[in-house]
Amino acid sequence: MQWFRIPKDIVFGAGSLSYLAELQGKKAVVVTGGSSMKKFGFLQKTVDLLVKAGMEVQVIDGVEPDPSVKTVYDGAKVMQAFQPDWIVAVGGGSAIDAAKAMWVFYEHPQLTFPDIIKPFGIPKLRGKANFAAIPSTSGTASEVTCASVITDYDTPNKLKYPLLSYEITPDIAIVDPDLTVSMPPHVTAHTGVDALTHAIEAYVSTNSSHFTNPLALEAIKLVFEYLPKAYANGRDMEARGKMHYAQCLAGIAFTNAFLGIVHSMAHKIGAQFSIPHGEANAILLPHVIAYNAKTASKTYGEIARYIGIGDPDDAKATERLIAAVKQLNSQVGIPASLQEAGINEAEFLTKLAETAANALEDPCTGCNPRTPDVSDIEAIYKAAFKG
Ligand code: FE
């Protein structure tokens, strides 16, 4: 049995933020990040629209990148005191991820992180509140996914808690490209290549299906065409819009088809050496395609042919896809190797065995089209180190 689960409403288009004025409720908590939503006026707009909907509004702001356990518990306490019937997260993936976890502890104050980190171990939500998510970056697609990542800074290796449950899939996703003008070019690049990785990994995943494949292919095509334009000119609203939809399509694909070892490996090398998530993915992606090609060249060939760079021969088409990913990376300023990304070689080699072992254990490894062992992962890291 397979399934396909997404938010009840996905509202999209320039100006779709105004959908907030149609929500029915009494009280809303708005969760947001640092300063960009405030600076660009979107936080005030969000609050104004909810007030227009007849709601009393409280704001939780200052959610940091890679949000902490403390931020989540503190936010849940604010919600317990205020008792909202809507949680509205507006901002990057971190703000939305943090709001999802706050929602869990608002509805179930007796629980703690260790209780809910088992995959699909989150109890039923929506007894107290519904959830609307409005992304301002074009990458994580947290507005449509069943995932949230929270960091425990009190553990030696800054342990990441990946929460996975369809309970935390938002009820409403508002995909309004206007908000993405707040992204500087490096964020456009990192989030854009993350979206590409989501789509490619979802398409070749062992859990892919007829329901996820068309979305993944469309997302891949859009990213190749529009990411360079959105990166080169942040005011190109056509490119911004296409990228915002592409990342959402990729998110719908991967929340149902899951991911693969690009993400397993990026999670661990990123945490170990502080490489941004999207950048780590983008550097690893060509090397993982080369490794997976032994069992998945037919599916990679399909991708290459769909985006118009294919060859009837799957192996040749896969080579062209690898070249296209490398070209896209260089167009948007992604380093060509882990070394170029600033990782010291001696430190890399010292930590290689541990990092590879951790990557193998990552939940994303299970759906990779080729089953790796730890020496395979080490070899891919080494290839990506040199580029
Ligand atoms: Fe990702």
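The values are calculated or read from the model by the stated rules, or taken from the named source; none is laboratory data. Note that the structure is predicted; figures quoted are calculated from it, not measured. Reconstructed Cβ throughout: ideal geometry from the backbone, glycine too, with neighbour counts over all protein chains shown. Please note that ligands, DNA and RNA were not included when accessible areas were found on the heavy atoms of the full protein model with its side chains. Shrake-Rupley method; radii C 1.70, N 1.55, O 1.52, S 1.80 Å.
Toward the positive end of the charge dipole of the range 196-244, about the Cα centre and with charges on Cβ (Lys, Arg +1; Asp, Glu -1), which of MET237, HIS210, ILE200 goes farthest?
The residue sitting most towards the positive pole is MET237.
Looking at this model, which pairs from LYS158/LYS268; LYS294/LYS351; LYS70/LYS128; LYS242/LYS316 are more than 18 angstrom apart at the alpha-carbon?
LYS294/LYS351; LYS70/LYS128; LYS242/LYS316
Taking a cut-off of 17 Å between Cα atoms, list the lysines near LYS45, but don't count ones fewer than 8 places away on the same chain.
Once the sequence-local lysines are set aside, what remains near LYS45 is LYS27.
How would the range 164-306 be classified by its alpha-carbon gyration tensor: rounded, prolate or oblate, with rounded meaning a/c under 1.5 and the a/b versus b/c comparison settling the rest?
Details: a/c = 1.38, a/b = 1.27, b/c = 1.09.
Rounded.
Quick one: Debye curve from the C-alpha atoms of the chain, no solvent, what's log10 I(q)/I(0) at q = 0.06, 0.08, 0.09 Å⁻¹?
With no solvent term, the Cα-only Debye profile gives -0.21, -0.38, -0.49.
If R0 is 51 Å, what FRET efficiency do you get for GLN24 and LYS298 from their C-beta distance, rounded to 0.05? Can you show the working numbers first?
On the way: r = 48 Å, r/R0 = 0.95.
For R0 = 51 Å, the calculated efficiency reads 0.60.
Quick one: how many Å² of GLU167 are accessible to a 1.4 Å probe, rounded to 10?
40 Å²
Is the range 218-279 best put as rounded, prolate or oblate by its Cα gyration tensor, with a ≥ b ≥ c the root eigenvalues, rounded for a/c under 1.5, and otherwise prolate when a/b is larger than b/c, oblate when not?
Values: a/c = 3.08, a/b = 1.47, b/c = 2.10.
Cα axes put the range 218-279 in the oblate bin.
If the only charges are +1 at each Lys and Arg Cβ and -1 at each Asp and Glu Cβ, what is the size of the charge dipole of the chain around the Cα centre, to the nearest 20 debye?
420 debye
What is the angle, in °, between the Cα long axis of helix 69-82 and the longest principal axis of the Cα atoms in the chain? Nearest 10 is fine, range 0 to 90.
Taking Cα atoms only, the helix is inclined about 30 degrees.
Counting other Cβ atoms within 10 Å, keep those with at most 15, restrict to DSSP loop, and tell me which trypsin sites (Lys or Arg not before Pro) in the range 211-269 are left.
Filter output for the range 211-269: ARG235.
Which of the peptides 371-382, 189-200, 204-215 is most tightly packed, and how do the rest follow, judged by the mean count of other Cβ atoms within 10 Å per residue? All intermediate terms of the calculation are to be shown ahead of the outcome.
Values: 371-382: 16.5, 189-200: 28.1, 204-215: 18.7.
In decreasing order of mean packing, 371-382, 189-200, 204-215 become 189-200, 204-215, 371-382.
Please state the shape class of the range 82-201: rounded when a/c is under 1.5, otherwise prolate if a/b exceeds b/c and oblate if not, all from the C-alpha gyration tensor. Each step should come with its number before you reach the end.
Details: a/c = 1.91, a/b = 1.34, b/c = 1.43.
Here the range 82-201 falls in the oblate category.
Need one number: the % of Cα-Cα pairs in the range 240-327 sitting beyond the 17 Å mark.
Details: 2215 of 3828 pairs.
Result: 58 percent of Cα pairs exceed 17 Å.
Normalise the Cα radius of gyration of the range 157-224 by 2.2 N^0.38 Å (N = residues in it) and let me know the number.
Working: Rg = 14.7 Å, N = 68, 2.2 N^0.38 = 10.9 Å.
For the range 157-224, the normalised Cα radius of gyration is 1.34.
On a 0 to 90 degree scale, rounded to 10, what angle separates helix 185-204 from the longest Cα axis of the chain?
70 degrees
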